[in-house]
Each structure stands twice: as structure tokens, then as C-alpha cells.
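No lab work stands behind these numbers, since they all come straight from the coordinates. Computed from a predicted structure; not experimentally measured. Ideal geometry is used to build each Cβ from the backbone, glycine not excepted, and the neighbour counts take in all protein chains shown.
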Amino acid sequence: MQSGKKMRVAMIKAQIIPSLIFTVFILQLISCTDADKIVSVNMPLEFVPGQVVVGFEDSVSLHSADEFIYNLGFTSDTMYFDSSFSVWVRVDSGKAIDYENIILQITGVCAAFERTYPYDDIDSTKSYLLVCFDGTVDTVFAKDRIESVPNLIVSRVLMHSKMSLINVPVGREIFWRDSLRTLSIIKWAELNYIAHIN
């Protein structure tokens with residue numbers, strides 16, 4: 001039983017660590033605040049010809065995203081598509097360990113850890129489990145299965161990034177960025193901007 005837990009922890013680390021490294025890298029690029037290293041406001045924005053970067057809605061599967069791009073008649077050379085997600089599960093204080101083994105039996109669960117006070121949810125009468133799903137199930141299934149266990153409440157769902165770099169016709173990047181933004185499957189769309197660092 002203990003080796004199974006260690007294996008699950010190793011699996012979740014192997015899945016989450018690359019996602020975290022990529023996210024930290026992107027945040028470092030975005031959050032550069034050193035004034036002498038920021039793009040000049042007088043410099044025109046440049047972007048990679050023939051590319052639009054999109055973020056998909058949390059509920060979109062990799063297959064659906066791939067099919068969507070194919071049906072538009074486009075290709076994608078780069079997809080960062082992590083279908084795994086985590087949920088915070090609220091339980092009565094001191095009872096988290098009682099539920100951990102039950103939760104680990106749910107399809108798609110790869111790890112469960114007892115935690116206290118996630119984010120702004122400060123309720124000293126409650127304990128929390130951070131439950132990590134491998135992406136083989138969706139959030140609706142996960143929430144339904146967890147909340148089917150008496151006294152368990154999903155308090156928050158944490159989705160991982162789902163992005164793609166779509167190849168569009170050169171000269172039509174702005175048209176496609178604006179068009180893609182209007183579609184329900186797309187969370188956001190941007191040109192693939194080039195940053196000039198002085």
C-alpha cells in the first residue's frame with residue numbers, strides 16, 4: 001500500500017513539474033519589470049507571420065482541439081495541452097485521512113494529499129484534500145464522483161493550461177485572431193508577438 005502511494009506521488013510529480021516549469025518560464029517572460037529591458041512603447045509591435053496563439057476553454061479535450069484546428073483547415077506545430085487538473089475537497093476537520101483511501105479508488109485520481117486552508121477559504125472546522133486527476137476524466141465526472149461520497153464537497157477546481165500555436169495564412173493573422181476570439185471553444189487568442197529586449 002505504501003509503495004503504491006509513493007508511485008502515485010512520483011507519477012503526479014512527473015506530470016505536474018514540467019507544467020510548473022513551463023508556467024514559471026512564461027510568467028517570467030510576461031512579468032519583466034526592469035524598465036531598461038522592456039519593449040519601447042514607441043516600437044511597433046511585431047509578430048511571427050502566419051501564427052496565432054490560442055488558449056482553449058478548460059473543458060476542451062486534446063482530441064477536440066486537434067479536430068477543431070483540422071476542421072478550420074489549419075495545422076499546429078506546437079500544442080501545450082495538459083488535461084490534468086486538481087480539485088480542493090473540503091472535509092470535516094481531522095477526517096481527511098479517512099477519505100483519502102476512498103478518493104484514491106476513483107477513476108482518474110493519481111494522488112491525494114491532506115492540506116490546510118487553500119487560498120482564501122479559511123475555515124478552522126474543515127480540513128482539505130488536494131486531489132490530482134490525470135486527465136482521463138473531466139471535471140464534471142470528478143466533482144460528481146467525489147461529492148457522491150457523504151460529507152465531501154469540492155470547493156475549487158484548478159485547471160492546467162491548454163494552448164496551441166495555430167498556423168494561419170500569412171497576412172490574415174489579425175483576422176484569424178479576432179475571429180477565433182468569438183468562438184466558444186476558445187478562451188483567448190493573440191498574435192505570436194516578438195519581444196525585443198534591450
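Couple of notes before you dig in:
- Restricting segment 67-93 to residues that are within 12 Å of the chain's Cα centre (by Cα) and of a type in the set (Ser, Thr, Tyr), the residue that is nearest to Val157 (Cα to Cα): Ser86
- Only residues that are of a type in the set (Gly, Ala, Ser) and more than 20 Å from Phe133 (Cα to Cα) were counted in segment 66-84, giving 2.
- Residues that are in contact (Cβ under 8 Å) with a residue 12 or more places away in the chain, surrounded by 12 or more Cβ atoms within 10 Å (Cβ to Cβ) and not hydrophobic (A, V, I, L, M, F, W, C) within segment 163-180 comprise Ser164, Asn167, Pro169, Glu173, Arg177, listed in sequence order.
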